[in-house]
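**Q** Handing you this structure, nothing more for now.
The values are calculated or read from the model by the stated rules, or taken from the named source; none is laboratory data. Please read all numbers here as calculations on a predicted model, not as lab measurements. Here Cβ is always computed from backbone atoms with ideal geometry, including for glycine, and neighbour counts include all displayed protein chains.
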Amino acid sequence: MTLTRQSPIGSGLGAHSTADDALTGIDLTGKTILITGGYSGLGKEATMALARAGARVIVPARRRDVARDALGGIAGTEIHELDLADLDSIRTFSERLLDAGTTLDIVINNAGVMAYPQRHLPSGWEAHLAINHLGHFALINRLRPALAGAGARVVSVASSGHFLSDIRWEDPHFARGYDHWLAYGQSKTANSLFATHLDTFGAGIGLHAFAVHPGSILTPLQRNISHDEHLAQGWITAEGRHAEGFKTPAQGAATAVWAATSPQLDNRSGLYCQDCDIANPATTDDMLIGGVKRWAVDPESAARLWNLSSELTGLDSFS
């Protein structure tokens, strides 16, 4: 994919559209959707909207009790145990779905962490890269047999945070010079590159992949960020109010839901989206304007990251 394909199509929706707006006129009855992190923040909003549209929504959760409390028995939703930081948990979860004969029409890779204090898993993987990218890479590769249906879509929730860092090829796990924003930014670049390369495999099996920037939303994702840093980033005022320009969770969920379901994308794929449309190439470093940086959709980098991810996880069900 090249940046020349990154051009808005005039979807009729925008930054203030909600997940329900994105689903206007769309009936998801009979569709099965898996959404990681689908019980908190914009993930919860997406789950509720998709269920209202008639879908069966599978919500994997590391904290099943929290997920049950959050979703409150919403019709059409079901909760399964999954820890994206644990390859054994991913294998067990995937085998359970495959053994049940589950066919997935849509997967939304939504779960993630932001601005973690420095943390490495027992494998040595840096936590942002491990949870935000490698866990989802392993999950999609494990679930490859369930994605056999023509028209299946995989949506990766990236972020304008990808502006902060390309892949640190010489030190992806931050053995040196840890910075929580660079670690987060690298993982969001990885989310976009994952969609870019997955889409190259999709043509032969009818699978489409997209990456999305949900916009700026204050949700539990920011739980690791101090009050002082919220102030320094300009996210809240001195009086403790949210700064202008932030979306509601329902608005933040809209682009992922649109990319997952819109018939406007039936003949398009491998694209980076924002505000319920295809994003423009980024022409500035202003993350509020957004768009997509070249390094986040570069096909050579996408292939290189896929190979690295395969080496680290021991998985590759598509090549």
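**Q** Mind telling me which of the residues TRP181, TRP169 ends up being part of a helix (DSSP H, G or I) and over 22 Å from ALA46 (Cβ atoms)?
**A** Just a single option satisfies the conditions, and that option is TRP181.
**Q** Within the bounds of segment 136-154, is there any residue that is out of contact with any Gly (no Cβ under 6 Å at 6 or more places or on another chain), in a strand (DSSP E or B), farther than 16 Å from ALA85 by Cβ and in contact (Cβ under 8 Å) with a residue 40 or more places away in the chain?
**A** Yes.
**Q** Among (1) over 25 Å from THR196 (Cβ atoms); (2) under 20 Å from the mean Cα position of the chain (by Cα); (3) crowded, with 22+ Cβ neighbours inside 10 Å; (4) not basic (Lys, Arg), there is one condition ALA53 misses while meeting the rest; what is its number?
**A** Unmet for ALA53, out of (1) over 25 Å from THR196 (Cβ atoms); (2) under 20 Å from the mean Cα position of the chain (by Cα); (3) crowded, with 22+ Cβ neighbours inside 10 Å; (4) not basic (Lys, Arg): (2).
**Q** From the list LEU34, LEU84, which residue is surrounded by 16 or more Cβ atoms within 10 Å (Cβ to Cβ) and either of a type in the set (D, E, K, R) or part of a loop (DSSP other than H, G, I, E, B) (or both)?
**A** The conditions single out LEU84.
**Q** Check ILE225 against each of (1) under 18 Å from the mean Cα position of the chain (by Cα); (2) at pLDDT below 95 and name the one condition it does not meet.
**A** The one condition ILE225 does not meet is (1).
**Q** So, one more: Would you pick out the residues in segment 258-272 that are buried (at least 19 other Cβ atoms within 10 Å of the Cβ) and in contact with a strand residue (DSSP E or B) (Cβ under 9 Å, 6 or more places away or on another chain)?
**A** Listed by number, the residues that qualify are TRP258, ALA259, ALA260, THR261, LEU265, SER269, GLY270, LEU271, TYR272.
**Q** Hey, another quick one. Within segment 87-115, can you find the residues that are buried (at least 17 other Cβ atoms within 10 Å of the Cβ) and either aromatic (Phe, Trp, Tyr) or farther than 26 Å from SER192 by Cβ (or both)?
**A** If the condition is that a residue be buried (at least 17 other Cβ atoms within 10 Å of the Cβ) and either aromatic (Phe, Trp, Tyr) or farther than 26 Å from SER192 by Cβ (or both), then PHE93 is the only one that fits.
**Q** Out of segment 53-73, which residues are at pLDDT 95 or above and closer than 12 Å to THR36 by Cα?
**A** Result: VAL57, ILE58, VAL59, PRO60, ALA61, ALA67.
**Q** Let me ask something else about it. Checking SER11 against (1) touching a strand residue (DSSP E or B) at 6+ places or on another chain (Cβ under 8 Å); (2) closer than 23 Å to LEU104 by Cβ; (3) among the small types (Gly, Ala, Ser), only one condition comes out false. Which one?
**A** (2)
**Q** Right, next: Tell me which of these VAL59 doesn't satisfy, since it passes every other one: (1) without any contact (Cβ under 8 Å) to a residue 60 or more places away in the chain; (2) assigned to a loop (DSSP other than H, G, I, E, B).
**A** Looking at each condition in turn, VAL59 falls short on (2).
**Q** Within segment 262-281, can you find the residues that are assigned to a loop (DSSP other than H, G, I, E, B), among the polar types (S, T, N, Q) and at pLDDT 95 or above?
**A** Listed by number, the residues that qualify are SER262, ASN280.
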